[in-house]
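What follows draws every value from the coordinates through simple rules; no lab data is involved. For clarity, every value in this text was computed on a predicted model and none was experimentally measured. In this analysis, Cβ positions are derived from the backbone assuming ideal geometry, glycine residues included, and neighbour counts consider all displayed protein chains.
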Amino acid sequence: MSEKEGLSIIVKVVTRWIVGFVLLFGLYIVIFGHLTPGGGFPGGVVIAGTFVLLTLAFGKDTPLRKLNSTLASELDSTGAIIFLGIALLGLYFGSFFAENFLTKLPSSYFKLFSAGVIPWANLAIGLKVGASIFMVFIILSVTRVVGLPSGEKKMTRKPTGRRK
Amino acid sequence: MEFIVVLLVFMVIGALIAAETRDLLSAVIAVGAVGFIVSLAFLFLKAPDIAITQVVVEVLTLVVLVRATLRNDITTVEGMRGKIGLAFSLVVIVLITLAAYPFFKELTSFGAPLLSQGKSVSGFFLKEGLRRTGAANVTTSILLDFRMYDTIGEATILFASLLGALAILRRPSHKKRGAKDKEERIK
């Protein structure tokens, strides 16, 4: 973490304090999406927002050290596959595509483990949205659409082909 | 009811500033103000799910736009729009409003459901949402149970947008790299 990259020391300290709480809030929105307002999409965007905050405050290397770009794309694909798998399991165990096939007892209403597959689908969407919006922001910042021109910036992955 | 009118007036003012100002940064900030007022309006209309989504996406978009606007090499639009064009726009707006006025009269009052509540599908979701899905949040029960197929489509859109961002934004860096290599070869 170089001193010159990123914003001033005040922003860095405040970011270091606040970023855990923002991540926790995003996880809360994802996990309790079937009970309170929220859900997979806004929670995933909040989770991606923590990494955007880190990118803005510390430069783009710090979040990339915490979450590798290949790992992010794998998490993205994993979330999509889990979501599709839940939908296909509805076809297998139930009677139609994307059916809520788990049992929904009235005694479980308003509890965390209720609503059948909805919390699991929320988790999958949160994973997918968080990873893919993080990826979009990293792509924008690597290709210098976002970010001030400060020194030399390198691509994270070497381009294959077209080069002699 | 009056509060929502105040919010709508502020939204119109912000949108006009965003469209008419010369400075790109001011325009971006005006767009952000409009977005936050939209989320306030959603909150006031008792839609906290959409308010959360709106405010979060607005913050993220605003950050991207501000950082993209802060660069130096952005072309700014100079000059004044002609008076004839402005008059033409005003005439067109008045004509469209007059033409749409009969349809405005047919609309239901603000906030009232468009279809009858007992038989419509929204009334069905409100009555049967908890019993059929077990989710206390009706919005989530619609998104992930009754309309899960649509949500899969949305996830696909996000995936495609990521692919599109990669495909479009990688090209200039390739070109720059190629140009640099050519220069080195010439040297």
Using the Kirkwood formula over every pair of different C-alpha atoms, what hydrodynamic radius in Å results for the range B:1-71?
12.5 Å
Pairs beyond 18 Å (Cα-Cα), from A:K12/A:K60; A:K104/B:K127; B:K46/B:K105:
B:K46/B:K105
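When Lys and Arg each count +1 and Asp and Glu each count -1, what net charge do the other residues less than 13 Å away from B:I157, Cβ to Cβ, add up to?
Numbers: positive: A:K128; negative: B:D150, B:E154.
Net charge around B:I157: -1.
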Positive-pole candidate from A:G59, A:W17, A:P42, dipole of the range A:9-142, charges at beta carbon:
A:W17
Summed over the other residues with a beta carbon less than 14 angstrom from that of B:V34, with K and R at +1 and D and E at -1, the charge totals -2
For the residues B:V57, A:V46, A:V117, B:V9, what sequence is obtained by ranking on other C-beta atoms within 10 Å, fewest first?
B:V9, B:V57, A:V117, A:V46
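Inside 10 Å of the C-beta atoms of B:153-159, what's the mean count of C-beta atoms belonging to other chains?
Values: counts 0, 3, 12, 2, 0, 10, 6.
Average per residue, whole number: 5.
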